[in-house]
Amino acid sequence: MLLKYKHIILTYILSDGKIQKLLRRLMFSINGTQISANCQNNNIHLRCHMKNTKLKICGKYNNVFIDEGTVLNGCKIEIKGNNNNLHIGRNNTIRDCSFGIIDNRSSIIIGNNGSTGETEFVSMEGNMVFIGDNFMFAKGIRIRNGDSHSILNNLGERINAAKDVFIGKNVWLASNCIILKGSRILDNSIVAAGAVVTKSFDQGNIILSGCPAQIKK
């Protein structure tokens, strides 16, 4: 089913390609936006303003919630699999970003009062990407919790499973950062331009830089 409306007020569950039930009235506007869901029981709950944005879901029992005051402009959201979750909080400005959620029970959770442009968010293998409130991300950033391929040791055992990514509150990511699986960046921290974060840092109020990123201050 393909929805192309300029203004629309609804929350719905798609079942077998048809709108089964209107749950409550919620205001958002769609301008140049396409929403496509080709399987059943996907819950899409939008209170945001979306412009030139594409939302595509392939699977069942997926949840998308984007809260009021958030603006998505020129974004692409694609969910493949079942029981996945995208939650974006209030009063965010998100431009020219991509969101990819694949496999089953994977999630991307984004807080309130943030801004970003040209950022790639990817979550897979039942893991989470979590972004806290008051985030400020520059352009050219990639945040992903998996490699999208397997690496095996001599015993045939996989050694590169996906791991959660956690970014706390009041975090500033400068341009062209890469945040990889297992990364943990706590509150009030800065990641310098071009840094590659590959591990967990257990203290906040730090500056990270380099490849791989290390604490500089």
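Per-structure values
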| quantity | calculated |
| --- | --- |
| One residue from Arg142, Arg105, Arg184 being charged (D, E, K, R) and either in contact (Cβ under 8 Å) with a residue 60 or more places away in the chain or over 23 Å from Cys75 (Cα atoms) (or both) | Arg184 |
| Meets criteria (within 25 Å of Asp67 (Cβ to Cβ) and over 13 Å from the mean Cα position of the chain (by Cα)) for Thr116 | no |
| Candidates Gly111, Gly146, filtered to the one that is of a type outside the set (A, V, I, L, M, F, W, C), crowded, with 16+ Cβ neighbours inside 10 Å, modelled with pLDDT under 95 and under 14 Å from the mean Cα position of the chain (by Cα) | Gly146 |
| Unmet criterion (only one of (1) surrounded by fewer than 18 Cβ atoms within 10 Å (Cβ to Cβ); (2) touching a His at 6+ places or on another chain (Cβ under 9 Å); (3) more than 18 Å from Asn145 (Cα to Cα)) for Asn73 | (1) |
| Residues of region 29-47 satisfying the condition of being surrounded by 15 or more Cβ atoms within 10 Å (Cβ to Cβ), at pLDDT below 70 and outside any loop (DSSP other than H, G, I, E, B) | Ser29, Ile30 |
| Entirely in region 88-156, the strands (runs of 3 or more DSSP E) that have 1 or more residues that are in contact with a His (Cβ under 8 Å, 6 or more places away or on another chain) | 107-110 |
| Residue ID - surrounded by the fewest Cβ atoms within 10 Å (Cβ to Cβ), chosen from residues in region 196-217 that are in a loop (DSSP other than H, G, I, E, B) and within 20 Å of the chain's Cα centre (by Cα) | Lys199 |
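The values are calculated or read from the model by the stated rules, or taken from the named source; none is laboratory data. The structure displayed is predicted, hence computed values, not measured ones. FYI the Cβ positions are ideal-geometry reconstructions off the backbone, even for glycines, and counts take in every protein chain you see.
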